[in-house]
Every structure is written in C-alpha cells, then in structure tokens.
1. What ranking of 127, 92, 76 emerges when the number of other C-beta atoms within 10 Å of each C-beta is taken as an exposure proxy, fewest first?
2. Relative to the present Cα-Cα distance, how much length would full extension add between residue 111 and residue 95 at 0.36 nm per residue of separation?
3. What share of the DSSP beta bridges in the chain is antiparallel, in percent to the nearest 5?
4. Quick check: residue separation of residue 31 and residue 122 times 0.36 nm, minus the Cα distance between them. What number comes out in nm?
5. Calculate the translational D of the chain in whole µm² s⁻¹ from Stokes-Einstein, where the hydrodynamic radius comes from the Kirkwood formula applied to all Cα pairs, the temperature is 37 °C and the viscosity 0.692 mPa s.
6. Grab the DSSP H runs of the chain that are 4 residues or longer, score each as -39,500 (n - 2.57), total them, divide by all residues and round the 222 nm result to the nearest 500 deg cm²/dmol.
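FYI, it's all coordinate maths here, none of it is from the lab. The shown structure was predicted, so the numbers you read here are calculated from the model rather than taken from an experiment. Positions of Cβ are generated from backbone atoms using ideal geometry, with glycine treated the same way; all protein chains shown enter the neighbour counts.
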C-alpha cells in the first residue's frame, strides 16, 4: 500500500488523503494534533471544529459545512462548549448515516466515569492526551497505523 492510500471507512483502498475531523476547543491541542499528523505517514486533510454543535453540523453537512467531506475518522475531545463530546457521540451513534464513522475520544480526562460512558456510547477507542509533543506524535502515528492500515471496514 502506498503511503497515500488507505482503506477508508468503506473498506476500499483509495488514493486520496485521509479525511479527519478533530473536534477540539483548545488551540494548543489543535496545533499539537496538526503537527503530529504532519509528521505521520499518511497524507491527510485535518478539519477542525471547536465545539460540539459545529462538529455535528460538519458531520451532517449543514450550514457553512454543506461541502464538508465525510470524515474517515473523528478525533473527539470530551470537554467542549455548547455540546460536549459525549453529547456529540450520543447523537452521532443515533444517526443511521453517521454511526459507522470511527470515533476516537482523545481527551485529557482520565476519569473512569468518562471512559465508561464513552464506551457505553460506542466510542471505538478512548485515549488520554499525552502531555509532551513526542508522546503526542507517537500516539497519533499509532492511531494512523491502526485505523488506516490494520482495521478492516465494511464496504458500505
């Protein structure tokens, strides 16, 4: 597989960048994620929303996001304004059009309650953000490898 090919969430190898939605309100974490993805192996388009309402509008292609691509992966922070990550996850999983998009909760919370609740809402993974840049790059590289080189998704 070439470095810019990935299976996508439809399970088909396609030669285009990976579409990633990052729902994150902390500008520092957005910058860290962007830099970590730039150092990764896969070509990607990172789209950022800064609150839960905008994340859902992006996913539903509403309003200013009418031309937004369907993400191959969602990186979801729990602590966001207007709608928190768990509210976003709950709505996402209730939507027949969006429920199959993999969601990785990427948050600073190590709360057992947050972890349990995220998995109850069918998060695909729960990761605590590393505090240093090297740790952040490592976790993002592992995410890329796992979700786009190891995991198999249904065709439709």
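1. Working: 127 15, 92 24, 76 27.
Ordered from fewest to most neighbouring Cβ atoms within 10 Å, 127, 92, 76 come out as 127, 92, 76.
2. Working: separation 16, 0.36 × 16 = 5.76 nm, distance 2.68 nm.
Computed gain between residue 111 and residue 95 is 3.1 nm.
3. On the way: 2 of 19 bridges.
Of the beta bridges lying entirely in the chain, close to 10 percent run antiparallel.
4. Working: separation 91, 0.36 × 91 = 32.76 nm, distance 2.71 nm.
Contour length minus the Cα-Cα distance gives 30.1 nm.
5. Details: Rh = 15.6 Å.
The diffusion coefficient I find is 210 µm²/s.
6. Numbers: 5 runs with 52 residues, N = 156.
The helix contribution divided over the chain gives -10000 deg cm²/dmol.
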